[in-house]
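Read through the structure below, which is laid out as structure tokens, and then see the notes.
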Amino acid sequence: MLRIFIGRKEDEYYGPSYFKFNYDLEWLEDDLVRKMIKDVDKSEYVGGELVHSDILGPISPRELSGGVQTLICIYKNPDKVFDATSCGPNCAQWLLEIGKRKDVTVALEYFLPFDGYDPIDVYIENTDKKYSNADEYAIAALDLLQEVD
């Protein structure tokens, strides 16, 4: 299940930094990781340290977007809490997919919509409640974000 904490958590990791210093090339061989890279960054993992980007040409995995790097970290390190604020709306479906496969917790400092993905399976730690509807999640998340500011 995807568990979300609205705001900052003391024990959270910043995905892009964690990725750059800890990623394993084996992570990039995973089918779900390849799909996330293709969808979010319009790039394809070729092998070794080579990713082909439709926009940038040949790049290293360290040059993937912060959103993809964070998604990969969340998926490959489900025991850690990552700040998913670097994940834009193009990452929303992948966070939900990861949550279907593993129990993960992320922190979010902005409103990430899950419109169009109902039913969803999201638990917000701040409210101690599970949400299966994107609209109900939106109301709860936006209320919490007002309190955090």
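Any read-out appearing in this document is the output of simple, stated calculations on the displayed coordinates, not a laboratory observation. All values reported here derive from a predicted model rather than from experimental measurement. Cβ: placed from backbone, ideal geometry, glycine included. Neighbour counts: every protein chain shown.
Work out which GluC sites (Glu not before Pro) in the chain are exposed loop sites (DSSP not H, G, I, E or B, at most 13 other Cβ within 10 Å) and give the longest gap free of them.
Working: sites that count: Glu10, Glu49.
That gives 50-149 as the longest site-free run.
Determine, from the Cβ-Cβ distance of Asp79 and Asp30 and an R0 of 22 Å, the FRET efficiency 1/(1 + (r/R0)^6), rounded to the nearest 0.05. If you can, show how the numbers build up before the last one.
Values: r = 17 Å, r/R0 = 0.77.
Calculated value: 0.80.
Which value results when the Cα radius of gyration for the chain is divided by 2.2 N^0.38 Å?
Working: Rg = 15.2 Å, N = 149, 2.2 N^0.38 = 14.7 Å.
Computed over Cα atoms of the chain, the ratio equals 1.03.
Where does helix 92-101 land angle-wise versus the long Cα axis of the chain, in degrees 0 to 90, nearest 10?
90 degrees
In whole Hz, with x marking every Gly and Pro, tabulate ³J(HN,Hα) for segment 67-72 from phi via Karplus 6.51 cos²θ - 1.76 cosθ + 1.60, θ = phi - 60°.
Those phi angles translate into x, 5, 4, 5, 4, 4 Hz.
Using the 4.7 Å Cβ rule, please list in number order the cysteines from the chain without any candidate partner.
Cys73
Among DSSP beta bridges lying fully in the chain, give the percent that are antiparallel, nearest 5.
Numbers: 10 of 24 bridges.
If I count the DSSP bridges inside the chain, around 40 percent turn out antiparallel.
Let me know the charge dipole size of segment 97-149 about its Cα centre in debye, to the nearest 20, where only the beta-carbon of Lys, Arg (+1) and Asp, Glu (-1) is charged. Write out the running numbers ahead of the final one.
Details: 5 positive and 13 negative charges, 66 e Å.
Rounded to the nearest 20 debye, it is 320 debye.
Starting from the Cα-Cα distance between Asn133 and Asp118, subtract it from 0.36 nm times their residue separation and give me the gain in nm to one decimal. Could you put the intermediate results ahead of the total?
Numbers: separation 15, 0.36 × 15 = 5.40 nm, distance 0.58 nm.
Here the answer is 4.8 nm.
With charges set only on the Cβ (+1 for Lys and Arg, -1 for Asp and Glu), what does the dipole of the chain come to about its Cα centre, in debye to the nearest 20? Could the numbers behind the result be given before it?
Working: 16 positive and 29 negative charges, 58 e Å.
Using only the charged Cβ atoms, the result is roughly 280 debye.
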